[in-house]
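The values are calculated or read from the model by the stated rules, or taken from the named source; none is laboratory data. Quick caveat: nothing in here was measured; it's all calculated off a predicted structure. All Cβ positions, glycine included, derive from the backbone under ideal geometry; neighbour counts span all protein chains shown. Just so you know, the surface numbers come from the protein's heavy atoms only, side chains and all, with ligands and any DNA or RNA stripped out. Shrake-Rupley method; radii C 1.70, N 1.55, O 1.52, S 1.80 Å.
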Amino acid sequence: MLHAQVSKIQEISKQTHESLNKIQTLVFKITLTKKSFTSRDTIKQEVFGILKVPENKNKTPYYSIISKNNKHYTLYKHDGKHISFGKINIDSLDFLQKIDYYYNNNSIYISHKSKILRDLNINPFFTKKNVFNYYRKFYSTWFAKGVEIKEYYFKDTPVYIFSIYGNNQDSDSSISNSIIKYYIRKEDYLPIAYSFYGEFQGMKQTEFTEIEYLEINPDISLETFKIDPLVKEIEPKAYFEEMQKYNL
């Protein structure tokens, strides 16, 4: 039984890895709910984004992302040389909003260029060593007891669910009882949801991310992501109207 489970996980991981590798450009929508260890509140975040995978997959993808949280939109952009971000107050759309920039020789750029992708739980998908290639290659040698796969339905969509159980460590600084789940759509072997549960010093953290693939491999120019550091302010209404198209 264990060998059959190992073979199935390896095969589906391989298919998922190959499906993700075929994505060069992507228009996507994400819904993320999260309760952190130190908070009692659950935060909901809605996101629209455009992403382009560079030829060198060891580098961070180019992206243009707008995130809605409470009464704000937050804009993020990365063009391979700079990152920019700014916040739009929905109640102040008639006023220009400031945009901040960081260059690739800045320590903030280095630490933040892929942070938004990590926070949205999609960074492991669009790298040369994406998470499914990792499981396909290595888990059978030392991680088999921590991984299982089941067939299920997610919102009436047939999926495979990978469940990865973390090893508990005897340390006050370690997360215990962690469970990561990836929901893989059977139709095309693409991950459409991700969840996390963990405990830390009596506190609990939960996350759930749902991914919608609005367009796969549309023709997107690098100009789409280009950042002009001379532009210090933006007009919020244009971004707000664009987000209304996607019900954000």
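Could you identify the single residue in 153, 165, 134, 160 that is modelled with pLDDT of 85 or more and open to solvent by 40 Å² or more (accessible area, probe 1.4 Å)?
Answer to the selection: 153.
Can you find, within the stretch 70-89, the residue that is modelled with the lowest pLDDT among those that are out of contact with any Asp or Glu (no Cβ under 8 Å at 6 or more places or on another chain) and open to solvent by 40 Å² or more (accessible area, probe 1.4 Å)?
My answer is 70.
Any residue at all in the stretch 30-47 that is aromatic (Phe, Trp, Tyr), under 18 Å from the mean Cα position of the chain (by Cα) and open to solvent by less than 40 Å² (accessible area, probe 1.4 Å)?
No: the stretch 30-47 contains no residue that is aromatic (Phe, Trp, Tyr), under 18 Å from the mean Cα position of the chain (by Cα) and open to solvent by less than 40 Å² (accessible area, probe 1.4 Å).
Hey, any hits in the stretch 200-211 for a residue that's aromatic (Phe, Trp, Tyr), at pLDDT below 95 and part of a helix (DSSP H, G or I)?
No, the stretch 200-211 has no match at all.
Looking at the stretch 61-81 only, could you name the residues that are closer than 19 Å to residue 126 by Cα and either hydrophobic (A, V, I, L, M, F, W, C) or over 17 Å from the mean Cα position of the chain (by Cα) (or both)?
Across the stretch 61-81, the qualifying residues are 65, 66, 79, 80, 81.
Would you mind finding the one in 77, 81, 71 that is farther than 19 Å from residue 229 by Cα and of a type in the set (Lys, Arg)? Reasoning before the result, please.
Values: 77 fails: farther than 19 Å from residue 229 by Cα; 81 fails: farther than 19 Å from residue 229 by Cα.
After applying the criteria, what remains is 71.
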